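Worksheet for the structure shown next.
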């Protein structure tokens with residue numbers, strides 16, 4: 001069984017863009033976000049249409065950032081948290097490129113990056129965009145309660161990021177390089193609380209990071225940063241503990257996009273989550289640091305809780321997954 | 001812009017399996033289905049759990065058919081129609097392989113085959129399983145009405161296939177070969193009727209088939225069969241008309257898995273549909289004919305309607321997609 005892939009041709013990320021809502025645009029990475037929204041409706045009538053427009057805008061701006069026209073892009077690989085990933089399919093409707101829909105919950109961004117890097121590295125395509133989105137209000141009403149109910153949120157909960165991010169991967173051009181990827185396996189820690197997804201996802205993150213270290217014959221010191229997707233404060237503590245038990249102390253290198261994105265002060269509690277969380281942080285803050293060579297090598301590990309409201313109602317625990325992508329400046 | 005991929009190493013489909021419900025197991029391809037269910041609950045308490053078990057069984061039987069143990073399989077690429085593709089994620093939980101979740105509605109099977117063929121052809125993995133499922137009862141209650149309501153179905157509607165299919169693609173071994181693939185783009189024909197998905201998907205199928213012919217510099221005569229996924233009777237007429245207008249008369253080569261799977265006599269109306277439709281027909285009937293060299297070369301074009309109940313309620317039309325995979329005996 002093989003889970004880690006090495007990209008000999010080192011596909012390059014030549015363009016990126018992040019679109020973020022008002023809360024995300026006033027958090028700790030505000031200076032790096034390319035498109036900041038004044039309100040989370042983005043001029044649309046529904047949350048779902050607003051999310052679609054955010055994803056469309058991130059992809060469009062990503063073309064621009066890579067100095068590529070739409071006709072030069074072969075495929076868009078994207079996914080989101082809405083049922084039947086409609087933010088992705090409806091935004092892809094506006095482009096003439098091929099479309100590949102993916103879903104691994106909040107791990108979708110690194111899933112897309114892995115597939116995109118294969119398409120470029122293998123010589124199948126020349127330019128591919130990888131993108132994901134999420135929206136606090138569309139996620140709350142789909143997964144939890146309508147906002148109008150004013151339900152109280154428990155302290156172990158996270159705040160779904162309103163945002164979208166996109167990366168353009170290419171054979172040619174200048175930009176940070178994707179050097180390897182480890183695909184995740186589905187891990188079930190037995191967590192039943194759908195409000196405590198950080199704990200559920202921590203085991204999957206630990207499994208993927210450990211597999212990556214072993215397959216690449218490296219330790220945590222190989223990377224400047226090991227960036228998990230949206231474990232939040234509690235999940236981050238768990239993943240560090242789990243890896244420490246296996247002999248790897250990632251304390252110095254570890255950051256979590258969910259912990260990073262907000263200046264936690266209100267009811268964000270454990271921090272951000274959502275398919276847009278890692279893609280917004282990667283395509284703004286992290287890409288900026290990589291391009292300026294302030295970071296040399298990072299491991300991005302987006303994490304996803306593979307539940308649905310139906311599976312929870314039927315008494316199921318929460319299977320989780322994490323895909324890791326190594327990027328070099 | 002590039003949409004067609006040629007696989008120089010010709011990945012081989014060395015194992016396959018199809019699991020089907022009672023209605024599907026008594027239709028025109030009944031003699032080819034590997035696992036036939038006596039009732040659509042498969043010993044489970046809910047339709048969703050039954051669908052998960054079907055998909056799990058198809059994957060497990062596919063390992064067996066390819067004479068591979070679980071530890072030899074690197075990744076499972078799968079998707080289904082349930083919200084958050086839970087049939088796929090919960091069935092993948094039972095395997096130790098890597099997992100890649102995909103979603104392009106009923107076009108998911110050829111999307112998975114395309115990605116799987118890239119992974120093998122590019123040398124990234126050695127053995128990959130591509131699988132999809134759908135279930136009439138879980139789809140009806142999620143997309144339309146609970147069965148208990150006894151709603152009348154309109155004559156343009158199709159019947160979601162209760163079934164799952166899986167193919168094991170490998171670098172080595174014996175079996176039909178994947179020679180090329182054309183990825184679909186999202187096409188919107190402006191159809192607003194969520195009961196008439198055949199018409200919505202026909203335009204996407206025509207676009208992909210035409211692009212495939214042009215990119216490969218071939219005509220319809222290249223193939224023994226051009227097999228669409230689940231256009232049904234009406235959609236099949238439309239795709240033939242659309243291609244005839246472009247100068248390709250596919251009448252002689254065209255069959256549709258949705259038309260093929262049932263002996264239409266009751267309220268299946270236009271025929272079968274669902275992510276399991278093309279995967280059940282391909283992994284039973286078509287694979288049998290390819291293995292016995294009664295078919296030499298076919299083009300499988302699964303078709304998907306990328307709507308959700310939310311998008312329909314918000315007045316949106318139905319964007320569609322089709323991915324084509326060419327298989328040689």
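Since every read-out is calculated from the coordinates, none of them should be taken as a lab result. Quick caveat: nothing in here was measured; it's all calculated off a predicted structure. Because the Cβ atoms are built from the backbone with ideal geometry, glycine has one as well, and the counts that use them run over all protein chains shown.
Can you say what percent of the DSSP beta bridges in the protein assembly as shown, counting only those with both residues inside, are antiparallel? Round to 5.
Working: 73 of 117 bridges.
About 60 percent, rounded to the nearest 5.
In nanometers and ordered shortest first, the copy-to-copy spacing of the residue B:219 label point, defined 7 Å from Cα toward Cβ, is 6.8. For the range B:1-144, relative contact order (Cα pairs under 8 Å, six or more residues apart, normalised by length) works out to 26 percent. Under 15 Å from a label point set 7 Å out along the Cα-to-Cβ vector of residue B:314, no amide N atom of the range A:97-123 is found. Ordered from longest to shortest, the equivalent ellipsoid semi-axes for the range A:169-222 are 29, 16, 9 Å, each the square root of 5 times a Cα gyration tensor eigenvalue. Restricting the calculation to Cα atoms, every distinct pair contributes to the Kirkwood radius of the range A:8-170, found to be 16.1 Å.
Averaged over the residues of peptide B:99-110, the number of Cβ atoms from other protein chains lying within 10 Å of each residue's Cβ is 6. Between residue A:294 and residue B:296, the simple label model (points 7 Å from Cα in the Cβ direction) yields a spacing of 6.3 nm. Calculate the length of the line joining the C-alpha centroid of the range A:81-112 to that of the range B:57-85, in whole Å. Cα centroid to Cα centroid, the span is 23 Å.
Could you work out, residue by residue across B:178-186, how many beta carbons of other chains sit within 10 Å of that residue's beta carbon, and then give the average as an integer? Walk me through the numbers before you get to the answer.
Details: counts 0, 0, 0, 1, 1, 9, 4, 9, 14.
What the average comes to for B:178-186 is 4.
Derived value for the range A:177-328: Kirkwood hydrodynamic radius 15.4 Å. Basis is the mean of 1/r over every pair of different alpha-carbon atoms. A crude spin-label estimate for the pair residue A:237 and residue A:152, with each label 7 Å from Cα along the Cβ direction, gives 2.1 nm. Among A:279, A:78, A:180, which one shows the highest mean-square fluctuation when chain A is modelled as a Gaussian network with alpha-carbon springs under 10 Å? Judging by the Gaussian network model, the answer is A:180.
Taking every residue in B:114-121, how many Cβ atoms of other protein chains lie within 10 Å of its Cβ, on average? Could you put the intermediate results ahead of the total?
On the way: counts 3, 6, 0, 1, 6, 5, 0, 3.
Neighbouring Cβ atoms belonging to other protein chains average 3 per residue here.
When you count the other C-beta atoms within 10 angstrom of each residue and take the mean per peptide, A:282-294, B:43-55 line up highest first as B:43-55, A:282-294. Normalised Debye scattering of the range A:118-197 at q = 0.25 Å⁻¹ gives log10 I(q)/I(0) of -1.23, counting only Cα atoms as equal scatterers and leaving out solvent.
Over the range A:218-279, consider all pairs of different Cα atoms and compute the Kirkwood hydrodynamic radius from their mean reciprocal separation; express it in Å, one decimal. Walk me through the intermediate numbers first.
On the way: mean 1/r = 0.0827 Å⁻¹.
Its Kirkwood hydrodynamic radius stands at 12.1 Å.
Based on alpha-carbon atoms, the Kirkwood radius and the radius of gyration of the range A:1-101 give Rg/Rh equal to 1.02. Semi-axes of the equivalent ellipsoid for the range A:40-80, computed as √(5λ) from the eigenvalues of its C-alpha gyration tensor and ordered from largest down, come to 23, 11, 7 Å. Taking one quarter of the surface of the convex hull spanned by the alpha-carbon atoms of chain B gives a direction-averaged projected area of 15.3 nm². Most simply put, the range A:177-328 has about 70% antiparallel DSSP beta bridges, counting only bridges with both residues inside it.
The range A:190-209 and the range B:166-213 have Cα centres lying 35 Å from one another. With only Cα atoms counted, the protein assembly as shown has Rg and Dmax values of 22.7, 68 Å. Computed on chain B, with alpha-carbon pairs under 8 angstrom and 6+ residues apart, the relative contact order is 26 percent. Packing, as the average of other Cβ atoms within 10 Å across residues, places the peptides A:229-238, B:6-15 in the order A:229-238, B:6-15, highest first. Working from label points 7 Å from Cα in the Cα-to-Cβ sense, the residue A:94 to residue A:31 distance is 3.1 nm.
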